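Visitor: Sending over a structure as structure tokens; questions will come in a sec.
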Amino acid sequence: MKLLTLFFMVLLMGCQSAAVNANQTGSSKHQDTHQSQPSLITLTEATNLATEGYVWTLSHSFLDLQEVKLLNPHPTLDVLNQRAIQIAKEHIKAQSDTKSDETLKNVGKNTQIHIRFVTFNDLTDKNHRLIRDTIGDSGCSSNIPIAGTFILIISVNEQGRDIANHFRDMDNSPAKSCLLRKIRRKNYMIYNVDGVPERYTMFLPVTIHGF
């Protein structure tokens, strides 16, 4: 009876050891698979063209702009195919200008960019949220109280930079000047017409609770 009990204990320990080894092997394979997946960057730009939610996927290397490759060109929107490649190259160049060569080498070639082209309404909503957050976190103050709803008129150039802004019906004050400076420093979504970036102007209602 003791021999039989000992046999079952040895058999049980062997099964447990095999299970642990199997789990460790499976975990290692999962980690290897995860590490081999490309890192992903998502960029968004607005357009006048209907894309029906299509997502452009590009592979690239931070070390060579010529290695940008569009993996799934749209069958009919060739102007956006070309624009997607241009956006990817501009992003890579901007990143390359701000990162060291060693950092770029560590990023490697296993990187993908997803590009979405959305509507002008989407652009307006996103820019409106950005401006509301900017005003809320501005830290601007003034001896002249500012409160109410005002129309912010803002013009954005082809690079997504604020080139002119103005609050309609708001009296001049240090807080107003401070707010316009904060708003001007932000980057806004770019808008393209048939694949070519263009300037645009927004008229946004902005509610200020008081400074």
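The values are calculated or read from the model by the stated rules, or taken from the named source; none is laboratory data. Small disclaimer: the values here were computed from a predicted structure and weren't measured. Glycine gets a Cβ as well: all are built from the backbone with ideal geometry, and neighbour counts include every protein chain shown. Ligands, DNA and RNA are stripped out before the accessible areas are found, and what is left, the full protein with its side chains, is counted by its heavy atoms. Shrake-Rupley method; radii C 1.70, N 1.55, O 1.52, S 1.80 Å.
Visitor: Relative to the present Cα-Cα distance, how much length would full extension add between Leu71 and Asn157 at 0.36 nm per residue of separation?
Guide: Working: separation 86, 0.36 × 86 = 30.96 nm, distance 2.95 nm.
Between Leu71 and Asn157, full extension yields 28.0 nm more.
Visitor: Grab the Cα-Cα distance for Ile41 and Ser59, subtract it from 0.36 nm times how many residues apart they are, and report the gain in nm with one decimal. Provide the component values of the computation, followed by the final result.
Guide: Numbers: separation 18, 0.36 × 18 = 6.48 nm, distance 1.02 nm.
Result: 5.5 nm gained on full extension.
Visitor: Cross-link list Lys69/Lys126; Lys93/Lys186; Lys89/Lys186; Lys93/Lys176; Lys126/Lys186: which exceed 24 angstrom alpha carbon to alpha carbon?
Guide: Details: Lys69/Lys126 28 Å; Lys93/Lys186 20 Å; Lys89/Lys186 22 Å; Lys93/Lys176 36 Å; Lys126/Lys186 12 Å.
The pairs that break the limit, which is 24 Å between Cα atoms, are Lys69/Lys126; Lys93/Lys176.
Visitor: What are the residues whose amide H is under 5 Å from the amide H of Ile163, where those residues sit 5 or more places off or on another chain and H is modelled from the backbone?
Guide: Under 5 Å from the amide H of Ile163 lie the amide H atoms of Ser155, Val156, Asn157, each far enough along the sequence or on another chain.
Visitor: For segment 146-211, which whole-number percentage of the solvent-accessible area (1.4 Å probe, protein heavy atoms only) is attributable to carbon and sulfur atoms?
Guide: Working: 1650 of 3450 Å².
Using a 1.4 Å probe with all protein chains present, segment 146-211 comes out at 48 percent carbon and sulfur.
Visitor: Still on this structure, I have one more. Given a Förster radius of 22 Å and the C-beta distance between Thr111 and Val79 as r, what FRET efficiency does 1/(1 + (r/R0)^6) yield to the nearest 0.05?
Guide: Result of the calculation: an efficiency of 0.35.
Visitor: Non-local amide H neighbours of Val118 (under 5 Å, H modeled in plane, Pro and chain starts lacking H): which ones?
Guide: Those qualifying (amide H under 5 Å, at least 5 residues apart or on another chain) are Glu45, Ala46, Thr47.
Visitor: Rounded to whole Å and sorted largest first, list the principal axis extents of the Cα atoms in segment 129-211.
Guide: Rounded to whole Å, the extents work out to 47, 21, 19 Å.
Visitor: Taking 7 Å along the Cα-to-C-beta vector as the label spot, tell me the Asp122-Ala147 distance in nanometres, rounded to one decimal.
Guide: Rounded to a tenth, the inter-label distance reads 3.9 nm.
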